[in-house]
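A short write-up of the structure that comes next.
The values are calculated or read from the model by the stated rules, or taken from the named source; none is laboratory data. This structure is a prediction, so every number in the text was calculated from the model and none was measured. Using ideal geometry, Cβ is built from the backbone for each residue, glycine included, and neighbour counts are taken over all protein chains shown. Areas reflect the complete protein model, heavy atoms only, side chains present, ligands, DNA and RNA absent. Shrake-Rupley method; radii C 1.70, N 1.55, O 1.52, S 1.80 Å.
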Amino acid sequence: MRRGRAGAFGSMGIAAIFCAGCESAPDDPLLILAAADLQAAFADLVPRFEEATGTPVEVIFGSTGNLAQQIRHGAPADLFFAANQPFLEELVDAGRIDPASVRLYATGRLALVTSGSPSEASTESASGRPLDLRSLLEPRFQVIALANPDHAPYGLAARQALHAAGVAERLADRLVIAENVAHALQFFTTGNADAALVALSLLKGTGASELRHAPVDAALHAP
């Protein structure tokens with residue numbers, strides 16, 4: 001099985017997502033490094049791919065920046081699904097991924113998850129309207145989780161959005177920094193945060209879709 005190179009592939013059907021450019025034997029697992037925001041999507045895609053092809057898949061999730069650093073230092077992988085383009089461009093410049101393999105597979109959305117009773121759940125989500133981030137100034141939001149902006153693209157987007165909304169400095173003492181976006185959501189679901197800025201894609205999985213959430217205005221951060 002080829003190791004040592006990785007690429008981000010576009011959504012061209014399940015087989016194409018996982019197989020383009022692979023040279024693995026049928027019994028070899030396909031090794032994928034993937035951004036943490038893809039956990040819910042891959043929970044659906046991977047079993048279907050394995051059933052359709054008979055090829056086992058091993059997925060390692062993490063923040064895009066940390067995974068890119070591992071690839072830069074020689075981590076073995078067949079495919080790399082990143083959450084933003086700059087980290088891929090750096091890996092192309094470093095000669096660590098095949099530039100011809102890079103594909104844009106989706107445009108992500110940042111979402112705010114907040115506490116609320118079941119009767120209130122997903123009111124904003126159902127309407128699709130962005131939630132005003134200034135609501136985080138309310139006293140009930142004492143702990144707000146977000147991914148580490150230094151290496152997690154959704155954490156960077158969250159920081160940009162808070163600054164654009166004019167609340168970053170006033171909320172600085174309430175922020176708790178998670179390792180990646182899935183970890184930020186875990187802070188909230190375990191009761192260790194009153195709100196979290198996470199990937200909307202994570203809220204499409206079983207259980208998470210019941211959480212009260214709303215998309216953040218995409219104009220508040222870089223795509």
Q. Do we find a residue being surrounded by fewer than 19 Cβ atoms within 10 Å (Cβ to Cβ) and at pLDDT 95 or above anywhere in the stretch 196-214?
A. no
**Q.** ALA172 open to solvent by less than 40 Å² (accessible area, probe 1.4 Å) and without any contact (Cβ under 8 Å) to a residue 24 or more places away in the chain
**A.** no
Q) Which pairs have Cβ atoms under 7 Å, sit 6 or more apart or on different chains, and link a residue in the stretch 31-60 that is at negative phi to one that is of a type in the set (Lys, Arg) and in a helix (DSSP H, G or I)? A) ALA40/LYS204
Q) If GLY62 satisfies every condition in (1) buried (at least 20 other Cβ atoms within 10 Å of the Cβ); (2) farther than 24 Å from ALA111 by Cβ but one, which is the exception? A) (2)
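Across the stretch 76-96, what is the number of residues that are of a type in the set (A, V, I, L, M) and either more than 20 Å from the chain's Cα centre (by Cα) or closer than 16 Å to GLY108 by Cβ (or both)? Talk me through it step by step, then tell me what you get.
Of all residues in the stretch 76-96, those of a type in the set (A, V, I, L, M) come to 77, 79, 82-83, 88, 91-92, 94.
Restricting the remaining residues to those that are either more than 20 Å from the chain's Cα centre (by Cα) or closer than 16 Å to GLY108 by Cβ (or both) gives 82-83, 88, 92, 94.
The number of residues fulfilling the criteria is 5.
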